[in-house]
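Read the structure below first, then the notes.
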Amino acid sequence: MMRGGLKSTKVRGGKLDSFSAREKLPARREPHWRAIEPGFALGYRRSAGKGGTWIARRYTSDGYPRIRYRALGAADDYAPADGTRVLTFAQAQECARAWLVEAARAEAGGVDVTQPYTVGDALDDYLSDYRTRGGRAEKETRQAIDVLIRPVLGSVQLAKLTHSQVKGFRDGLTKTGRRLRTQRGHEQKFKEIDINDPDQLRKRRATANRVFSTLRAALNHAHQCQHISSDSAWAAVKPFENTDAPRIRYLMDDEALRLVNACETSFRAILIAALLTGCRYGELIKMRVSDLNFDNSSIHIPFTKSGKPRDVALTDEGHEFFAQAVTGKVPNALVFLRSNGKPWKAAEQVRPLHVACEVAGIAPMISFHILRHTYASRLVRSGVPMAVIAAQLGHADIRVTSRHYAHLSPSYVADTVRTAFGYMGLNGNDL
């Protein structure tokens, strides 16, 4: 039995449990349904040539609407299942049942009659809701939960969670260094930190704030769903203050040139592209020839961190660079490939960048994100308006841009004050 009294026995898929069977179904907006139990069904919506998606449906005894739906994720038609975004038929059933359990808890006033509701349950329910809402950083959120939050607080009953436990968890995060690459199946490794170093402490507090915000969001979600009657255990625990970096790191032109010259040829192309566009590494390795528009000298970035596509204007130097980079390539081809002809993957930029920093004498070594800072900083120092830079970088508004780069423009604050204040007409009066 599952928690909440629901049977966990999986139903036969019929025409849904394999891609070969689903492929024979007609493409339509109305899903193809398979009943799991009375009043509850799993659906498969097939789109022509695009694969399908899983949807759950349940009937309610009261309230409006009487029929409720939840999107669960993509079917493993053209991509391997990962248990999160892409699901097999069996995984889709598990997600559907988890939603049903969550709904049953809410309808019962947050009371689970089988087992106590724990912080781990709150984290699971929050992740499910986050995924349904289309959260932009699901992978990072799940990693923070699984590596940093769940091992410490996951087994604690939510009703027995105390203020001291939450505060102790927040404070403990400042004593843990950043995660290091660890072999799968082994205990997570962390970098050693010097808590007497003010800058290291500031960085750890900034990280603690990000992780704590995830915990607090999960607990608030549980409170809203009436799994706990009071938020007193965590409401009074506040994030650390003064954790923003006072200044960002960026490269001067001579440093950037040395770094470029120190790179291996295929990586050099990606590094130059970052310096000329401000694009993230993940955006560059997914960039295709068809994303480039040489008529108006711009690049369309369809997949961004915010989830909103953007267009990046190219300088003349950038136009010339990309025109040469895509010469002879078909529209659907990736712009940047490794020297062996294979695509670049996540985190494969770290090692060649560190090697290039050593050769070029760049100390301390920089991350790839510093190239984005370098691009933005150069624009700011050249007097480009913050709104234009925000659009190039894909920031939601200029507040983020201003927080990081306004200090680089000596006249930015003064110009903003003069423009906003206006003219009062006081001059000429007798004093």
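The values are calculated or read from the model by the stated rules, or taken from the named source; none is laboratory data. A quick note: this is a predicted structure, and the numbers were derived from the prediction, not measured. Cβ sites come from the backbone with ideal geometry, for glycine too, and all protein chains shown count toward neighbours. Accessible surface areas use protein heavy atoms only, side chains included; no ligands, DNA or RNA. Shrake-Rupley method; radii C 1.70, N 1.55, O 1.52, S 1.80 Å.
N242 falls short on exactly one of the conditions (1) touching a Gly at 6+ places or on another chain (Cβ under 7 Å); (2) assigned to a loop (DSSP other than H, G, I, E, B); (3) of a type outside the set (G, A, S), and that condition is (1).
Kindly check whether there is at least one residue in the stretch 110-132 that is part of a helix (DSSP H, G or I), modelled with pLDDT under 85, hydrophobic (A, V, I, L, M, F, W, C) and open to solvent by 40 Å² or more (accessible area, probe 1.4 Å). Within the stretch 110-132, not a single residue is part of a helix (DSSP H, G or I), modelled with pLDDT under 85, hydrophobic (A, V, I, L, M, F, W, C) and open to solvent by 40 Å² or more (accessible area, probe 1.4 Å). For beta carbons closer than 8 Å, sequence separation of 6+ or different chains, a first residue in the stretch 337-363 that is of a type in the set (S, T, N, Q) and a second that is open to solvent by 50 Å² or more (accessible area, probe 1.4 Å) and in a loop (DSSP other than H, G, I, E, B), the qualifying pairs are S339/E264. Sub-8 Å Cβ pairs linking a first residue in the stretch 248-259 that is open to solvent by 50 Å² or more (accessible area, probe 1.4 Å) to a second residue that is of a type outside the set (A, V, I, L, M, F, W, C) and outside any helix (DSSP H, G or I), at least 6 apart or interchain, are R258/G361, ordered by first then second residue. Of all residues in the stretch 133-145, exactly one satisfies the criterion of being open to solvent by 50 Å² or more (accessible area, probe 1.4 Å) and modelled with pLDDT of 90 or more, namely R142. Given the criteria in contact with a His (Cβ under 9 Å, 6 or more places away or on another chain), modelled with pLDDT of 75 or more and open to solvent by 70 Å² or more (accessible area, probe 1.4 Å), does P26 qualify? Yes.
Restricting attention to the stretch 264-279, the residues that are modelled with pLDDT under 95 and not hydroxyl-bearing (S, T, Y) total 1. Of all residues in the stretch 157-182, which are within 23 Å of the chain's Cα centre (by Cα) and open to solvent by 90 Å² or more (accessible area, probe 1.4 Å)? Once the filter is applied, which keeps residues that are within 23 Å of the chain's Cα centre (by Cα) and open to solvent by 90 Å² or more (accessible area, probe 1.4 Å), the stretch 157-182 yields R178, R179, R181. In summary, T243 fulfils each of the numbered conditions (1) at pLDDT 85 or above; (2) open to solvent by less than 30 Å² (accessible area, probe 1.4 Å); (3) not small (G, A, S) with the single exception of condition (1).
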